[in-house]
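Notes to accompany the following structure.
The values are calculated or read from the model by the stated rules, or taken from the named source; none is laboratory data. Since the structure is predicted, the reported quantities are computational estimates derived from the model, not experimental observations. Here Cβ is always computed from backbone atoms with ideal geometry, including for glycine, and neighbour counts include all displayed protein chains.
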Amino acid sequence: MQIVVRLDVMLARRKMTSRDLAARIGITEQNLSLLKSGKVKGIRFETLAKICAELDCQPGDLLEAE
Amino acid sequence: MNFQRRAQVLRVLVSVAAVTLPLAVVGMLMWQGPQTPYGLGVSQDASQSQLWLSALVGLAPMVVGVWILMTMRALLGLYAQGHALSVEAAGDIRRIGLGLVLMGLLPLLIRPVQSVLLSWNNPAGERALTVGVGSGDVGFLLGGALMLLIAWAMAEAAEAAAENRAFV
């Protein structure tokens with residue numbers, strides 16, 4: 001089973017760019033891009049909480065098990 | 001002065017030492033000529049060729065010392081670039097440790113070789129084989145062993161740092 005990141009879907013729904021989100025949560029655009037493409041080993045709870053706060057969503061909206 | 005700046009300054013000093021140390025040693029050798037090493041217990045009547053051969057053998061620790069300095073320079077370069085917790089830095093620390101151990105072992109080999117070289121032409125019964133261990137040798141061995149342990153720990157730390165960087 002793999003964890004798939006649906007961040008791009010939430011960004012489109014909230015009409016926010018990756019650059020804006022990265023700036024708001026305090027990570028680099030490069031790291032956010034890696035997260036979107038699922039090329040990271042993990043995400044810190046702190047980062048996940050900030051993303052959920054900015055996109056007004058739940059962690060389950062961003063992460064899906066396939 | 002932050003860590004990276006200090007590493008840059010130290011790197012310059014180490015680079016200067018790596019150049020001046022061999023120049024000074026070779027310069028003194030050429031200026032004063034080879035001398036009978038102190039504490040070997042051999043006669044002062046060795047020939048010039050014996051003295052020169054003994055002096056060349058005695059240069060081995062200097063060669064290792066320069067290698068250690070060049071490795072330190074590489075390590076400080078990594079520190080100056082902000083790559084303190086890296087596999088490459090751990091490798092450099094390991095090589096410095098190996099160099100220090102070698103600095104501790106070399107005299108144990110060199111002293112006997114030099115004493116045999118310098119007493120080779122002596123009459124039978126008057127040739128010498130000198131074996132000795134100095135506090136400096138023990139210091140280098142222990143210091144080198146400690147550096148090897150530190151290198152192992154740094155390699156673990158570098159692995160943990162790389163794992164941490166893969167988290168966002």
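Return the residues of the range A:42-51 that are more than 9 Å from chain B (Cβ to nearest Cβ) and under 17 Å from A:Asp8 (Cα atoms); say none if nothing qualifies.
Residues satisfying the conditions are A:Leu48, A:Ala49, A:Lys50, A:Ile51.
What's the total number of residues in the range A:11-41 that are at positive phi and either within 13 Å of chain B (Cβ to nearest Cβ) or within 12 Å of the chain's Cα centre (by Cα) (or both)? First the steps, then the outcome.
Of the range A:11-41, the ones at positive phi are A:15, A:26, A:38.
Still in the running and either within 13 Å of chain B (Cβ to nearest Cβ) or within 12 Å of the chain's Cα centre (by Cα) (or both): A:26, A:38.
The total comes to 2.
Tell me which residues, restricted to the range B:74-94, are closer than 18 Å to B:Ala18 by Cα, of a type outside the set (A, V, I, L, M) and surrounded by 19 or more Cβ atoms within 10 Å (Cβ to Cβ).
B:Asp92
Which residue, of A:Met1, A:Met10, is surrounded by fewer than 11 Cβ atoms within 10 Å (Cβ to Cβ) and either part of a loop (DSSP other than H, G, I, E, B) or hydrophobic (A, V, I, L, M, F, W, C) (or both)?
A:Met1
Restricting attention to the range B:29-51, which residues are surrounded by 15 or more Cβ atoms within 10 Å (Cβ to Cβ) and either at pLDDT 85 or above or farther than 27 Å from B:Leu100 by Cα (or both)?
B:Leu29, B:Val42, B:Ala46, B:Gln50, B:Leu51, listed by residue number.
Out of all the residues in the range B:154-164, which are loosely packed, with under 12 Cβ neighbours inside 10 Å and modelled with pLDDT of 95 or more?
Correct list: B:Glu156 only.
Residues checked against (1) over 30 Å from B:Gly82 (Cα atoms); (2) in contact (Cβ under 8 Å) with a residue 12 or more places away in the chain:
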residue	(1), (2)
B:Asn2	no, no
B:Arg6	no, no
B:Leu10	no, yes
B:Ala17	no, yes
B:Gly27	yes, no
B:Gly33	yes, yes
B:Leu53	yes, yes
B:Leu69	no, yes
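Within the range A:54-66, how many residues turn out to be exposed (fewer than 13 other Cβ atoms within 10 Å of the Cβ) and either at the interface with chain B (Cβ under 10 Å from one of its Cβ atoms) or touching a helix residue (DSSP H, G or I) at 6+ places or on another chain (Cβ under 8 Å) (or both)?
Selection size over the range A:54-66: 2.
Restricting attention to the range B:128-168, report how many residues are among the hydrophobic types (A, V, I, L, M, F, W, C), within 14 Å of chain A (Cβ to nearest Cβ) and either within 30 Å of B:Pro112 (Cβ to Cβ) or outside any loop (DSSP other than H, G, I, E, B) (or both).
Here the count works out to 4.
Based on what the data block shows, is A:Val9 of a type in the set (A, V, I, L, M) and in contact with a Gly (Cβ under 7 Å, 6 or more places away or on another chain)?
Against the criterion (of a type in the set (A, V, I, L, M) and in contact with a Gly (Cβ under 7 Å, 6 or more places away or on another chain)), A:Val9 does not qualify.
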